[in-house]
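Shown next, in structure tokens, is the structure this report addresses.
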Amino acid sequence: MVISQNDIRTKFKAQGLKVTPQRAAIYKALAETTSHPTAEALFQQVAQDYPMMSPNTVYYTLSTLKEAGLVKEVNYWHDRSRFDANVTPHHHLICLDCRAIFDLEDHALNELQHKANVPKNFQVLSHQVEFYGYCASCQKAQRHQPSTSSRHSHVQSPRRKS
Ligand SMILES: [Zn+2]
Ligand SMILES: [Zn+2]
């Protein structure tokens with residue numbers, strides 16, 4: 001989804017954030033992808049238009065945007081955070097092989113927190129549902145035929161991508 005400079009300015013202003021060209025470029029790049037990129041991937045993309053940009057600027061900007069509630073950090077593998085500019089309630093489909101993360105909008109899942117058996121003394125602010133498995137192209141590569149294989153989808157032990 002293409003986001004205009006005006007939209008960016010409006011969003012930043014609403015959060016009391018100063019709009020700088022670099023900040024706006026980083027936010028725009030993230031808002032226009034659904035790939036949940038790492039900071040590194042985002043840096044490589046933005047650096048094409050902003051050769052003076054440093055990786056640190058990207059890290060720092062992402063944490064500023066995160067504090068402002070404009071982006072979310074998604075961390076399923078503990079080694080490399082991924083970032084998401086979609087801060088409306090949604091859920092994720094996570095490929096354990098290629099590490100693709102797909103958004104899943106599902107109204108029934110959004111309602112879960114009213115139905116789940118959460119202790120009354122726990123104050124729920126939000127929730128997010130994750131589905132682990134293999135994406136269409138990884139299945140097509142036939143690396144993951146449903147079989148008697150002992151490999152189950154434990155996110156704790158995904159195969160490391162080299
Ligand atoms: Zn995959
Ligand atoms: Zn997402």
Cys residues of the chain with no disulfide-compatible partner (no other Cys Cβ under 4.7 Å) are CYS98, CYS138
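Using only helices, what value at 222 nm comes out for the chain when you add -39,500 (n - 2.57) per DSSP H run of length 4 or more and divide by the total residues, to the nearest 500 deg cm²/dmol?
One gets -9000 deg cm²/dmol as the mean residue ellipticity at 222 nm.
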Length gained if LYS18 through ALA100 is fully extended, taking 0.36 nm per residue and subtracting the Cα-Cα distance, is 26.3 nm
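Taking square-rooted eigenvalues a ≥ b ≥ c of the alpha carbon gyration tensor, is the stretch 5-83 rounded, prolate or oblate, where a/c under 1.5 means rounded and, failing that, a/b exceeding b/c means prolate? Spell out each step's value before the answer.
On the way: a/c = 1.73, a/b = 1.23, b/c = 1.41.
Judged from the Cα gyration tensor, the stretch 5-83 comes out oblate (a/c at least 1.5, b/c at or above a/b).
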With +1 on the Cβ of every Lys and Arg and -1 on the Cβ of every Asp and Glu, the dipole magnitude of the chain about its Cα centre, in debye rounded to the nearest 20, is 280 debye
Any lysines whose Cα falls less than 16 Å from that of LYS13, other than same-chain ones fewer than 8 residues away, would be LYS28, LYS66
Residues other than VAL129 with Cβ under 15 Å of its Cβ, Lys/Arg counted +1 and Asp/Glu -1, net out at -4
Once phi for every residue in the stretch 53-63 is put through the Karplus expression 6.51 cos²θ - 1.76 cosθ + 1.60 (θ = phi - 60°), the whole-Hz ³J(HN,Hα) values, with Gly and Pro written as x, are 5, 10, x, 4, 4, 5, 4, 5, 5, 4, 6
The local net charge around TYR76, scoring Lys/Arg +1 and Asp/Glu -1 for residues other than TYR76 whose Cβ lies under 12 Å from its Cβ, equals -1
With a ≥ b ≥ c from the Cα gyration tensor eigenvalues, square-rooted, and the rule rounded for a/c under 1.5, otherwise prolate when a/b > b/c and oblate otherwise, the chain is oblate
Any residue on another chain or 5+ positions along whose placed amide H is under 5 Å from the amide H of ASP84 is listed here as LYS72, VAL74
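Sort the following peptides by mean Cβ neighbour count (other Cβ atoms within 10 Å, averaged over residues), highest first: 91-98, 104-111. List each step's numbers first, then the result.
Working: 91-98: 18.0, 104-111: 12.0.
My ranking of the peptides, most packed first, is 91-98, 104-111.
Report for the chain the percent antiparallel among DSSP-assigned beta bridges with both residues inside it, nearest 5. All intermediate terms of the calculation are to be shown ahead of the outcome.
Working: 8 of 12 bridges.
Looking only at bridges with both residues in the chain, the antiparallel portion is about 65 percent.
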With LYS13 itself left out, Lys, Arg at +1 and Asp, Glu at -1 over residues whose Cβ is under 13 Å from its Cβ give +3
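Values in this text are rule-based calculations from the coordinates and carry no lab data. Predicted model, so just to flag it, every value in this text is computed and none were measured. Cβ sites come from the backbone with ideal geometry, for glycine too, and all protein chains shown count toward neighbours.
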